[in-house]
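> Pasting a structure here, questions to come.
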Amino acid sequence: MTQTELLFKDPLAAAEQAAQEIATKTGVTHHDVALVMGSGWISAVDALGVPAFECNAEEFTGFFPPAVEGHSGKVRSYEIDSDGKKLRALVFLGRTHLYEGKGIEPVVHSVRTAVKAGCKVIILTNACGGINTSYSVGQPVLIRDHISLTAVSPLSGATFVDLTDLYSKRIREIVKREDSSLQEGVYVHWRGPTYETPAEILMMRTMGADLVGMSTVPEAIAAHALGAEVLGISLVTNAAAGVTGEKLNHEEVIAAGKAAADRMGALLKGVIPKLL
Ligand code: HPA
């Protein structure tokens, strides 16, 4: 069986295999926390210092090369030493999205691999459109809850997983103590690759949504189902369709991410040691 066949036939076995390969290549048997860096977030990770290890994700079982500009497709391992507490962070620079059409398994493979590598906390970052008109471009927002408009779950079978505390309240409180200006919001998962229409954004706002993006939700569900705690942070890179009347484009999403990278990096660096 090829590695790709394994990913679709037995995704947890593929994740286990990738985790073992990561342990062998990094020489670290156990990682504590994982970060998935979305569009525009890549340079935020520089705040964590010099990585102890880096390679292309596709060197590990079940990983595909990146399909999106702003997603580098690298895996890094960082040693984080804070006040004598030593942690290992596994960082995925980029992710696979549902809109790539590869199916759900590649979308959640990073987080499953991270949990199999020992991670108890998964930090999911993304770029998103701001539906809530009080948000500004460049503002980070903690995901409090989500609405899945794709209706695609990474789970199948009779696995009735509770999602009441999917975006861990414990972790959100810690992050808000680190930066009391942070707001929380409800994130809508939109399949893409088209951005939404103004009418769809109006529908989402009416449903109680604050943020819209094309990622994070399946990963959060897959991580939670395996017992990890999830933190989701969205960076508002543009006002959602119809809010300002401006057209949306990927370049502005990347540029807003780069402009906010220092703040996002400092936030991640400050908060990670407090989560475990
Ligand atoms: N919609 C969906 N996904 C996004 C957006 C948006 O406005 N901005 C960044 N990712």
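> Quick check: Cα centre of segment 142-172 to Cα centre of segment 201-235, how many Å?
So the separation of the two Cα centres works out to 7 Å.
> Looking at the chain, send over the antiparallel percent of its DSSP beta bridges, to the nearest 5.
Antiparallel bridges make up about 40 percent of those DSSP assigns within the chain.
> Count charges around T244 for me, please; just the other residues with Cβ under 15 Å from its Cβ, Lys/Arg as +1, Asp/Glu as -1.
Overall, the nearby charge balance is -1.
> Could I ask something else about it? Along the Cα→Cβ direction, 7 angstrom out, place labels at K86 and K247. What is the inter-label distance in nm?
The answer from the label model is 5.4 nm.
> Another one. For the chain, modelled as a Gaussian network with Cα springs under 10 Å, which listed residue fluctuates most, V28, V107, V186?
Largest GNM mean-square fluctuation: V28.
> Shifting gears a bit: What number comes out for accessible area per residue over the chain if the probe is 1.4 Å? Units Å², please.
42 Å²
> Between E5 and S148, 0.36 nm times their residue separation minus their Cα-Cα distance comes to what?
The E5-S148 span can extend by a further 48.7 nm.
> Based solely on its DSSP helices, what 222 nm [θ] is calculated for the chain when runs of n ≥ 4 H residues each add -39,500 (n - 2.57) and the sum is averaged over all residues, nearest 500 deg cm²/dmol?
-10500 deg cm²/dmol
> Apply the membrane-span-like helix rule to the chain: whole DSSP H runs, Cα extent along the own long axis of at least 24 Å, mean Kyte-Doolittle hydropathy at least 0.0. List the helices found.
250-275
> Determine, at each q value in 0.15 (inverse angstroms), the log₁₀ of I(q)/I(0) that the Debye formula gives when each Cα of the chain is one equal point scatterer.
Reported log10 I(q)/I(0), two decimals: -1.09.
> Still on this structure: Take the solvent-accessible surface of the protein heavy atoms, probe 1.4 Å, and return the percent of it on segment 76-186 that carbon and sulfur atoms account for.
47 percent
> Please report how far the C-alpha centroid of segment 245-276 lies from that of segment 2-30, rounded to the nearest whole angstrom.
29 Å
> Rounded to the nearest 20 Debye, what is the dipole magnitude of the chain about its Cα centre when Lys and Arg each give +1 and Asp and Glu each give -1 at the C-beta?
So the dipole magnitude of the chain works out to roughly 420 debye.
> Separate question: For segment 118-133, what does the Karplus curve 6.51 cos²θ - 1.76 cosθ + 1.60, with θ = phi - 60°, yield as ³J(HN,Hα) per residue in whole Hz, taken in order and with x for Gly and Pro?
Whole-Hz 3J(HN,Hα) from phi for segment 118-133: x, 5, 9, 10, 10, 9, 10, 10, 7, 9, 8, x, x, 8, 5, 6.
> Then there's this: When the label point is put 7 Å from the Cα of K169 along its Cα-to-beta-carbon vector, which residues of segment 233-276 have a backbone N closer than 20 Å?
Only 233, 275-276 fall inside the zone, counting backbone N under 20 Å.
> Quote to one decimal, in nm, the extra length available between A255 and F160 on full extension: 0.36 nm per residue of separation minus the C-alpha distance between them.
Between A255 and F160, full extension yields 30.2 nm more.
The values are calculated or read from the model by the stated rules, or taken from the named source; none is laboratory data. Keep in mind that what you see is a predicted model, and the values were worked out from it rather than measured. Virtual Cβ from ideal backbone geometry, glycine too; neighbours counted across all protein chains shown. Ligands, DNA and RNA are stripped out before the accessible areas are found, and what is left, the full protein with its side chains, is counted by its heavy atoms. Shrake-Rupley method; radii C 1.70, N 1.55, O 1.52, S 1.80 Å.
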